[in-house]
Structures are given as structure tokens and as C-alpha cells.
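Heads up: the structure comes next, in C-alpha cells.
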Amino acid sequence: SAARPAPHFNTSPMHQLKTFWRLVRPFWMQSTGRTGARLLLLAVIGLSLSTVWFSVRLNTWNGAFFNAIQAMDGGTIYPLLLEFIAIVAAFVFVLVYADWLRKKLVIEWRRWMTEDLLGRWLSVDGRHYRLQLAGLEPDNPDQRIAEDVRLLIESSLTLVISFLRSLLTIVSFVTILWTLSGTLEWTMFGTEWALPGYMVWTCIGYTLVATGLTHVIGRPLMKLNFEQQRREADFRTSLFDIRRHGESIAGLGAEEAEQARLRASFERIVGNWRSLMNRERDLAFFTVGFGQVTQLVPIFFALPKFLSGAIQLGGLMQIRIAFQQVASAIGWFIYAYRDIAEWSATVDRLAGFEAALSAPLPGSCVRQGERVAACGLVRSKTGEPLLEDLRLGAEPGRLTVVRGASGIGKTTLLRALAGFWPWVEGRLENRPGAVWLTQRTWLAPMPLRELLAYPHGADAVSRSGCEAALRDAGLERLVPLLDEDEPRSWMNTLSGGEQQRVPFARLLLARPAAVLMDETTSGLDDALAVRLLTLLRERLPDTTFLLVSHQPAVHRIADRLYDLGERA
């Protein structure tokens, strides 16, 4: 694929949050399902945050249980075990339903965002195609709609819930840690010093230092994750292209060349993956080490008070648990750093896609009229004259054929008349409801009746009309398939010539006001091409036909033959 400029990253947290809010605001503030989504979100957050209460309750239980063990108080131990079972059972119930409701919210949110992006990408003005022509299409829009939307929603909910849980954990356990740690007193330089709640200050200082180091180590992860997603998508696209053009590749014996191309694409994945795994390794050394050390640090600082008898074993266990909870909550950034990096990359990718969908594009100068006509100058994207001194007119009920050397601009002329090529000086006219049939036929996998009615629903055509249209197009063998409801892969089922005949059957059913055809009979023999074009002209007397063709037999039946070479 063509080289793309390196993406610009603004890693400022405020910038990322503003970009994220711009992406999700329509769903939460404007969608018809916003009220239900808000209630779901509140339920998910409420259930998720309630787990902090369970953690506090278990902390209290630990203190009582280990004190009972130290005192060998059997009368207290067994009721505490029953209490533990009840707490854990309720805890499990809350966790399961919090996850179930979260998944329900994910799919509702994802459905809305997917439909919104699809509607804007596949808009009625053909924006997806205009972006391609203008060279403004973001890389791999399929991945951005199918994968990035899911990643954005899932990671956003995970990060928000874990962050709020961390805040509540800090509020809940700091009080416990402050009360249990008491005051640390020492003498220095002849002065008595006292630090109340010293374990709290120790925890805060310890965690903030670790957070700063985490950011220094893991900062490059966002760019690496962004690049990894893009290279993975490029590789999948290349594999899809192989499958799509397998016949041409096999015919040329180009398998080794395609292997080399795919290997090169995959090596780009491998190279970035190695950079990513090395950076994640460095970050993991620190975060895993931090997690392990955090288990011992509270014991180390509280041990003097335990040995002096100021606190019992249960109190020591409570301090350890409370310290770990507060350290983990304050250090949320440490444990979530990799997820934040992936989330940031996803936000940037979707923001770029959304910006492309909203960006202004060059307008078309095609006017609605009674005929198909072109008068003026058609330029290339770079501004060079492509077709000069155009004088073209096609009338209803008549077949106008355009011919010319390959590369002279025949397809570009049809693009301009269809309203997709804006680099035109002069006047273009097209009839309302015109249809453009491109060189590459697209037959979507669907039941045959839907295929014939496409892009409208199957109810737009009758079975008898479909049967007659198939027979007229020389596709009699497909008539028995009209009653099937299962979709078929028509691009693999039909031959090239049969694929080109399906659009003719569609035209007989749809009866459009005008048809722009680009080499749509190139896969048909001359006799069949002449028969189908003559049939169209007879059956659709009010339709304007403009056809680009290299076939002399087609040229002979044209009502008007226009040679672009004479104007070049």
C-alpha cells in the first residue's frame, strides 16, 4: 500500500479526554436510547463500586478472624467462617451481574456507534467513494468500524469503572489505615518528632514515585499500539486481496511473488511487535515488581509496632490489606498504563476516521436535467487537462456509445457524470434517478430475489417479474433459485459473463431514468451484447443509455457514437 504520513500524537490527557468525549457524546446526549443506556451505566457502576464495601467488610473480618486464631477462641472462629461464606456468596452474585449488565451496555453502545459510522461512511452521497477518489480515505476503515469501536467501548468502561473503584477504595481504606497505623514518634537532633497516620503518608509517597517511573518507562506504548493495529489491519487486507483475486494470481503463477509481498507485510508486524513487547517487558518488570514489593512494604513498616505489642496479629493483617488496597488504588495509573495506551491509540484512530467522515469534500457540478450531457473540460486530480472541449449529449430512448483509447479518460467521464469526479470545468447534466454501472460488477451475498431488487428490498420486485427478467437476460438456469431464502456467494457461483448479465436483469426490473455503463458488456460475446442492449432500448423507451465500449458490434448499433480520441 502507499506510504502514509506518520500519525501525529497529542498525548496530553486533557486532549485525549476531549477527543474521547467528542466521539461518544452523540450516544450519551443525543441518541434515542440514551436514557436506558444511562440507567444501565449507573447500575453497572453501582454494582461495581459495591465490591469496595465487600473488600472493607472482608478486611474487618480478617482482623477479627486472625485475632480469634491468636486467642484460640473456637467459639468466635466458627461463626466467623459462616459469615465469610455469606459475604463471599453475595460478592459473587454482585460480580456476576455487574459483568452481565456491563456486556449488555457494551452491545447497545456498540450497535449505536456502528450504525452511526456506517450511515456516515456509506452515506447516500457516496462519501466512502469520494474519500477514495480524493485520497482522503483513512487506512482500513473496515477495522475502525468493526474492531476499534468495540475496543473503544470495552476499554472505556473498564477504565472508568476501575478508576471510580480506586477512588472509592482510597476513601474507604485510608481511614482504616490511618486509624490502625497510629502515630510514629522518633527523636532526631534532640527534637521529638511525631507523624500521625504514618502508614498513609508512606503509602502515598511510595505509590507516587512508582507512578512517575511507570509513565517514564511506558510512554512510547501509545504510538507502538497505534502502529501495531494499523499494520495488523494492512496484513488482513492483503490476505483478503489474495482471496478476492485468487484467479488472476493463479493464472499468472504469481504465488511466490504474493508470498514475498505478504511476508514483507508480516515482517512489518513482527518488527513493531518486537518493539512493543520489549517496551511492555520493561514496564512489566517494574509493575510486577511493584506488586510483589507492595505485599511486603506494609509488614516492614508496621513490624516494629507489632513486635512492641502495640498491635495484634489481626491488626497487622488489616494494615497489610489496607495498605495494599490504598497503594493499588493510588497506583491505578501503574496497573492501567498499558490499557490506557491501547485506549489512547484507539481514540486517535476513531477520531481520524470521524474527522474524515466530517471533512468537506470537493463538490460536484452535475445538474438535474432531461438528458445526459457534458460540455467543458475534465481535469485529473493534479489539475492537468484530461478531456478537453467536451461536447456530449445522450437523449432518452437512445443508445449513445463512447469509445477511445485506453487511459484517455472514458471512466473518468462517467465518474463526472455520476457526480463523483469534481475536477470539472463546464457543465454536466444528468437525469434524476440515474444509475452508474461500473466495470467491476458487485453481487452481494444474498438470496436471488434480493439480488435482483438490490439496492432495494425484495418486496420491490415480484416473482413473475424476476423470472421474466432472468429469462430476458439469458439466466434461465437461475429461475428455480428464486424461492430460496438462503444467501449465496454469487461472485463465486456465477461465471464472469453471467455476473455481467445480472445488472441487465436489474435494469429491466428497476427501469431507471438513465444508465451510465462502463464496459458492462466486455465479458459477453458480440451477439449477446447486441441482443441485451437492443432489448433494453426496446423495453425502456424513456431511459437514457450512455455506454463506454470497445466492441465494434456495439458501436454499429449505437444511435450515436462519440469518439473521445477526436477531442483529445
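Counting only DSSP beta bridges with both residues in the chain, tell me the antiparallel percent, nearest 5. Don't skip to the end; give the middle numbers.
Values: 21 of 40 bridges.
Rounded to the nearest five, the antiparallel share is 50 percent.
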Label point distance in nm, VAL96-ALA264, each placed 7 Å from Cα along Cα→Cβ: 5.5
Rounded accessible area per residue of the chain, 1.4 Å, Å²: 51
If each residue of separation counts as 0.36 nm, what is the full-extension length gain between ILE299 and THR76 once their alpha-carbon separation is subtracted? 77.7 nm
For SER464 and ARG537, what does the FRET efficiency come to when R0 = 30 Å and r is the distance between their Cβ atoms, rounded to the nearest 0.05? 0.85
Hey, of (1) 85, 60, 47; (2) 69, 62, 55; (3) 111, 52, 48, which did the structure itself give for Cα extents along the principal axes in Å when calculated? (3)
What accessible area, in Å² to the nearest ten, does a 1.4 Å probe give for HIS456? 120
Convex hull per residue volume in Å³, alpha carbons only, for segment 1-113: 203
Percent antiparallel among DSSP beta bridges (both partners in segment 320-440, rounded to 5): 80
Rounded to a whole %, the carbon-and-sulfur portion of the accessible area of the chain at a 1.4 Å probe is 59
26 Å Cα-Cα reach of LYS104 towards lysines, excluding residues that sit fewer than 8 places from it in its own chain: LYS18
Against the empirical 2.2 N^0.38 Å scaling, what ratio does the C-alpha Rg of segment 369-485 come to? 1.37
Extension gain, LYS104 back to LEU159 (0.36 nm per residue minus Cα-Cα distance, nm): 18.1 nm
Solvent-accessible area of GLU258 with every protein chain in place, 1.4 Å probe, in Å² to the nearest 10: 40
Estimate the FRET efficiency between GLU395 and ASP563 by the formula 1/(1 + (r/R0)^6), using the beta-carbon distance for r and 25 Å for R0, to the nearest 0.05. 0.85
Using a 7 Å offset from the Cα along the Cα-to-Cβ direction at both GLN132 and VAL171, what is the distance between the two label points in nm, to one decimal? 5.3
Taking Cα pairs closer than 8 Å and at least 6 residues apart, the relative contact order of the chain in percent is 15
If we sort 467-479, 261-273 on the protection proxy, mean other Cβ atoms within 10 Å, highest first, what's the order? 467-479, 261-273
So who's got an amide H within less than 5 Å of the one on LEU386, skipping anything under 5 residues away but keeping other chains? H placed 1.01 Å off N, in plane. VAL378, ARG379, SER380
Give me the number: length gained by fully extending LEU361 to THR183, i.e. 0.36 nm times residue separation minus the C-alpha to C-alpha distance, one decimal in nm. 57.3 nm
Segment 157-241, Rg to Rh (Cα coordinates; Rh as Kirkwood inverse mean 1/r): 1.31
So, R0 is 45 Å and r is the distance between the beta-carbons of VAL124 and ASN278; what FRET efficiency does that work out to, to 0.05? 0.40
Accessible-area value, LEU316, 1.4 Å probe, nucleic acids and ligands omitted, Å²: 10
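The values are calculated or read from the model by the stated rules, or taken from the named source; none is laboratory data. Note that the coordinates shown come from a computational prediction; the quantities given were computed from them, not determined experimentally. Neighbour counts run over all protein chains shown; Cβ positions are idealised from the backbone, glycine included. Surface areas here come from the heavy atoms of the whole protein model, side chains and all, with no ligands, DNA or RNA. Shrake-Rupley method; radii C 1.70, N 1.55, O 1.52, S 1.80 Å.
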